[in-house]
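The values are calculated or read from the model by the stated rules, or taken from the named source; none is laboratory data. Keep in mind that this is a model prediction, so the values were computed, not measured. Cβ: placed from backbone, ideal geometry, glycine included. Neighbour counts: every protein chain shown. Calculation scope for accessible area: heavy atoms of the full protein, side chains included, ligands and nucleic acids excluded. Shrake-Rupley method; radii C 1.70, N 1.55, O 1.52, S 1.80 Å.
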Amino acid sequence: MPEPPNPITVQDRLFRHVPLVVGVLLIVDSLHFVFARLLRPYLPGAASAFYVLGVAAVELGLFVGLRGRLRPAILRRHLAFFLSIGALVAASTVLNYVAVSFIDPGTGALLAKTSTLFALAFGVLWLRERLTALELAGALVTVAGAVVINFQPGADLQLGAWMVLGSAFAYALHAAVVKRYGGEMSFENFFFFRVASTAGFLLLFVAARGELIWPSGEAWAYLLLAGTVDVVISRTLYYLALRRLDLSFHAVILNLSPVITILWSLALFRERPTTQGFLGGVAVIAGVALVTWSRGRRAAA
């Protein structure tokens, strides 16, 4: 019986087609707020988030388990770590899924890029990283863009914007915790336990709120699609690209995903950012691009 292909060989073959990989990554990365918006008529935001992460956890568990690579000892040794990042990602996901009731997916995607700003702050304050003049300038431009987006007329729009900012903060804190304590555990086990712990926290939250509703058949179709595309495929490609591509190229390319989100939102929902929101979003993307370009140059040096 032939041996299964070596995972590294599969990755090598995949990344021989870098433009194709980057194109697919951009498309799937742009769909996070779109799926949240698609599910809004069917389920409360928190319930949608739970089912999406639950689907992804089941798929990943089957994949890792059937290959004989599941290592429960990793969870036992790093339980506090996985509980911490699971809680943070759960909070981030819930905030985004609820925010689309108040804000269009395009504006949400633009504002979500402020997670880079929070990551920069955590790097300076917690991980003792140094800040260059270019990174400081990029951070200031990002802050200015976020202010422009957040302080638009309309209480609902402002509430949605603050939710996305809170989500970006939680996700950036999760990334800092992973960078600080993630260690060298295998990617498959790390990813599965991260997704499973997130789904567990979402289940507790949804049950406590009495929102654990069984989805309709049509809702299940969207949930299965969202769990597979927005979590399993999107995050797998994200982490593999992060390992294989230049850091600055990876980060700057992903700054284009909100543009695709805006196009999805226009096509599916006839929703788009306001002029003020779009201008603020341009500033956010420009500031984030400046920060990531500068950090990429430092890493290369």
Inset, instruction - Calculate one ³J(HN,Hα) per residue across the range 28-38 by plugging θ = phi - 60° into the Karplus curve 6.51 cos²θ - 1.76 cosθ + 1.60, and present them in order as whole Hz with x for glycine and proline. - result: 5, 5, 7, 9, 4, 6, 5, 5, 4, 5, 4
Inset, instruction - Calculate how large, on average over all directions, the projected area of the Cα convex hull of the range 104-212 is; give the answer in nm² to one decimal. - result: 9.2
Inset, instruction - Once you have the Cα-Cα distance between LEU240 and GLU271, take 0.36 nm times their residue separation minus that, and quote the gain in nm to one decimal. - result: 7.9 nm
Legend entry - Sites ALA80 and ALA207, calculated FRET efficiency, Cβ-Cβ separation with R0 22 Å, nearest 0.05: 0.45
Inset, instruction - Only helical DSSP H runs with n ≥ 4 go in: add -39500 (n - 2.57) per run for the chain, normalise by residue count and round the 222 nm mean residue ellipticity to 500 deg cm²/dmol. - result: -25000 deg cm²/dmol
Inset, instruction - Give me the accessible area of LEU38, 1.4 Å probe, in Å² rounded to the nearest 10. - result: 40
Legend entry - Nitroxide proxy distance, nm - points 7 Å out along Cα→Cβ at VAL24 and ALA144: 3.9
Legend entry - Most mobile listed residue (SER101, SER186, SER30) in the chain, GNM with C-alpha springs under 10 Å: SER186
Inset, instruction - Post the alpha-carbon centroid distance, the range 63-123 to the range 199-214, in whole angstrom. - result: 17
Legend entry - Per-pair calculated FRET efficiency, R0 = 41 Å: LEU224 and ASP156 via Cβ, rounded to 0.05: 0.85
Inset, instruction - Would you mind computing the Rg to Rh ratio of the chain from its alpha-carbon coordinates, Kirkwood style for Rh? - result: 0.96
